[in-house]
Each structure stands twice: as structure tokens, then as C-alpha cells.
1. Residues of segment 25-58 being over 17 Å from M124 (Cβ atoms) and touching an Asp or Glu at 6+ places or on another chain (Cβ under 6 Å), which ones?
2. Which numbered condition in (1) within 15 Å of the chain's Cα centre (by Cα); (2) within 23 Å of V116 (Cβ to Cβ); (3) surrounded by 14 or more Cβ atoms within 10 Å (Cβ to Cβ) is the only one that P46 fails?
3. Among R50, R66, R150, which is assigned by TED's automatic domain parsing to the domain that holds R22, modelled with pLDDT of 85 or more and in a helix (DSSP H, G or I)?
4. When segment 37-47 is examined, which residues are found to be in a helix (DSSP H, G or I) and free of Cβ contacts under 8 Å to residues at least 24 places away in the same chain?
5. Among the candidates A30, A15, A34, which residue alone is under 25 Å from P111 (Cα atoms), in contact (Cβ under 8 Å) with a residue 40 or more places away in the chain, crowded, with 18+ Cβ neighbours inside 10 Å and small (G, A, S)?
Amino acid sequence: MPDDLAEVYRTTYRALVRFLYRKVWDPDRAEDLAQEAFARALVHQPENARGWLFVVAANMARDEARRAARERRHLTLLKGEPGAVSRAPDEELEQQAEQAKVRAALELLTPRDREVLLLWDAGMSYGEIAAQTGLARGAIGTTLARARRRLVEAYDAGSEGIDVARG
């Protein structure tokens with residue numbers, strides 16, 4: 001099994017990190033979570049390691065988001081007021097604004113659309129996406145096409161607050 005997992009690591013690690021990055025929006029944290037998923041795979045030795053890794057990684061990212069939300073609420077109560085924001089160069093501000101627009105557009109999608117898009121972007125096949133999401137394999141292409149269209153609409157709508165996710 002360790003040799004098989006080594007091959008899965010070589011072929012899957014970058015895709016798993018990309019998948020996790022789009023869930024946690026922190027490249028270092030995405031790499032940490034991917035490494036943790038592989039460490040768990042060594043212990044559990046799943047039969048379908050690639051699919052198992054994406055499921056475990058998604059669960060860890062969800063747990064991470066819940067923990068971070070609890071911490072933010074706690075810190076907000078402790079601080080009483082938001083801290084000062086340091087100034088960044090214009091290019092960094094533009095990049096952050098662009099990333100925020102993409103994140104906001106992704107958040108406007110339904111959880112199913114978002115999950116299918118992120119799994120596809122992580123390099124998973126239609127069969128693997130179907131197995132992970134519970135959708136029929138034949139529905140993946142249609143779901144992806146609709147999710148892409150909704151993502152573009154949500155991105156274009158920007159901060160206008162228009163709900164395009166149910167499209």
C-alpha cells in the first residue's frame with residue numbers, strides 16, 4: 001500500500017492543494033491540510049485513496065472553517081472594535097479585490113454547484129466527481145456547465161447582491 005499511496009501522492013497532491021485552497025483561501029493552510037489528509041491515508045489505507053483523500057480533505061476544510069468562524073466570533077467579542085488595516089501596494093489591493101470577487105461569486109453558488117466546480121478544478125474525473133457528490137455520472141457534465149454559467153453570472157453581478165445561484 002505505501003508504494004500505491006506514493007504514486008497517488010505524486011499524481012494527486014497538487015490537485016488536492018488546489019481543491020483545498022479554494023475552500024480555505026490560504027495556500028499554506030491548504031498545503032497543511034493536504035499533508036494531513038495523506039498522513040491519515042497512511043493510517044487508514046483506503047482502497048480508493050484518491051477519492052478518499054478528497055472526501056477527508058473536504059471534511060477537514062469544513063471543520064477548519066467552523067473552527068475559524070468560532071475564533072472570529074470570540075475575537076470580535078474580545079476586541080470590541082475592528083483592528084487597523086495595514087496599507088498594501090496598489091497591485092496587492094487589486095489582487096485582493098479580484099480574489100474577493102471570485103470568493104463572493106463562489107459563495108453565491110449552491111453548495112452542489114460549488115462542490116462540483118471545485119472537484120473538477122482539482123482534476124477529478126466525472127466518475128470521481130459523481131462518486132463524491134452522489135450525482136449520476138451522466139449529470140456531471142450538465143451540472144458543470146450550469147455551475148460555470150452561474151459562476152460567471154455571479155462574478156459579473158459583483159457586489160450588487162443579485163442572487164443568481166438558483167438560476
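1. none
2. Failed condition: (1).
3. On the way: R66 fails: modelled with pLDDT of 85 or more; R150 fails: assigned by TED's automatic domain parsing to the domain that holds R22.
None of the other options fit; the residue is R50.
4. Pass one, segment 37-47, residues in a helix (DSSP H, G or I): 37-44.
A37, A39, R40, V43, H44, listed by residue number.
5. Values: A30 fails: in contact (Cβ under 8 Å) with a residue 40 or more places away in the chain; A34 fails: in contact (Cβ under 8 Å) with a residue 40 or more places away in the chain.
It is A15.
Residues checked against (1) under 11 Å from the mean Cα position of the chain (by Cα); (2) more than 15 Å from L53 (Cα to Cα); (3) modelled with pLDDT of 85 or more; (4) surrounded by 17 or more Cβ atoms within 10 Å (Cβ to Cβ):
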position: E98; (1), (2), (3), (4): no, yes, no, no
position: L108; (1), (2), (3), (4): no, yes, yes, yes
position: D113; (1), (2), (3), (4): no, yes, yes, yes
position: L118; (1), (2), (3), (4): yes, no, yes, yes
position: D121; (1), (2), (3), (4): yes, yes, no, no
position: M124; (1), (2), (3), (4): no, no, no, yes
position: E128; (1), (2), (3), (4): no, no, yes, yes
position: A136; (1), (2), (3), (4): no, yes, yes, no
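The values are calculated or read from the model by the stated rules, or taken from the named source; none is laboratory data. None of the values given here were measured: they were computed from a predicted structure. Every residue, glycine as well, gets a Cβ built from its backbone with ideal geometry; the counts of neighbours run over all protein chains shown.
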